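The structure appears below as structure tokens.
Read-outs throughout are calculated quantities, based only on the coordinates presented, and are distinct from any laboratory measurement. Computed from a predicted structure; not experimentally measured. Cβ sites come from the backbone with ideal geometry, for glycine too, and all protein chains shown count toward neighbours.
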Amino acid sequence: MLNIVIFGAPGSGKGTQSKLIIEKYGLLHISTGEILRKEIENQTALGLIAEEYISQGQLVPDQLIIDMLADILDKSPHSKGYIFDGFPRTISQAQALDVILRERNTSVIAVFSLSVEEDELMRRLLQRGELDGRLDDNPETILKRLAVYKEQTEPLKEYYKKKGKLFKVKGNESIEDVFEGITGVIDHLVY
Ligand code: B4P
């Protein structure tokens, strides 16, 4: 199975690149952020909890996310592979993902880390906030999200580097150029 993680700060292009990758390789897109936003829209029990955290720029508690993910994989076991977009975001989530995939006789083959400077991240997210009105795309919450990213998510780079699975990609280029960088690596790994 072709299991890929797209990793980066808020606004680095994870969702944008994931959509292009699934089209090219026919993978299943799992965006924990998108799933949580649907739960919020439907005002489910999980959505009500998630809303509190997301509106404050905080991560939703690990166990809720891990259970949600295992449930999704159980419902779609026949995919060619998965794009994990915005997951894992903590070391505990990464360890849980390893276990969940091992139980299904598969593993992550590559982790793409998109790097973008902070002022560009801020610019993109503020622009999206104006267009989409997302509850967490406002200046105060964006700063909080960037701080949470540095503290809790960035250490994952080392986790995957040690496993030899980390591929760094410059995320500040055009959407097409970033995509070309990613597909170059995937094609090399797969074919
Ligand atoms: P996400 O939905 O993952 O939100 P995000 O980090 O902002 O990234 P997204 O993928 O949406 O945006 P992208 O960079 O593609 O998470 C939202 C929240 O949910 C989190 O803060 C957290 O609270 C919670 N959550 C989600 N997963 C969780 C987990 N695993 N554990 C705990 N909590 C979790 O794009 C941003 C903008 O940039 C777009 O407008 C795009 O058009 C633009 N853009 C992209 N690439 C560009 C490029 N190359 N050039 C110019 N613009 C570009």
Convex hull (Cα only) mean projected area of the range 10-99, reported in nm² to one decimal: 6.2 nm²
MRE, 222 nm, helices only [DSSP H, n ≥ 4, -39500 (n - 2.57), over the chain, to nearest 500]: -17500 deg cm²/dmol
Cα pair distances of the range 136-191 binned at 5 Å [whole percent]: 4, 15, 15, 16, 22, 16, 8, 3, 1
Only Lys, Arg (+1) and Asp, Glu (-1) charged, at Cβ; the chain dipole about Cα centre in debye: 640 debye
Among Ser31, Ser113, Ser79, residue whose mean-square fluctuation peaks in a GNM of the chain (springs only between Cα atoms under 10 Å): Ser79
Value of relative contact order over the range 112-191, rounded to a whole percent, pairs C-alpha under 8 Å and six or more apart: 41 percent
Contact order normalised by residue count of the range 29-111, Cα under 8 Å, 6+ apart, percent: 32 percent
Enclosed volume per residue, in Å³, of the convex hull spanned by Cα atoms of the range 49-97: 83 Å³
Rg/Rh ratio calculated on Cα atoms of the range 90-176 (Kirkwood radius): 1.04
Computed over the chain, Cα set: Rg, Dmax in Å: 15.8, 45
Highest-MSF residue in the chain out of Ile49, Ile72, Ile22 [GNM, Cα springs under 10 Å]: Ile72
Taking the chain and dividing mean pair separation by its residue count, relative contact order in percent (alpha carbons under 8 Å, at least six apart): 33 percent
GNM flexibility winner over the chain from Asp98, Asp71, Asp136 (Cα, springs under 10 Å): Asp71
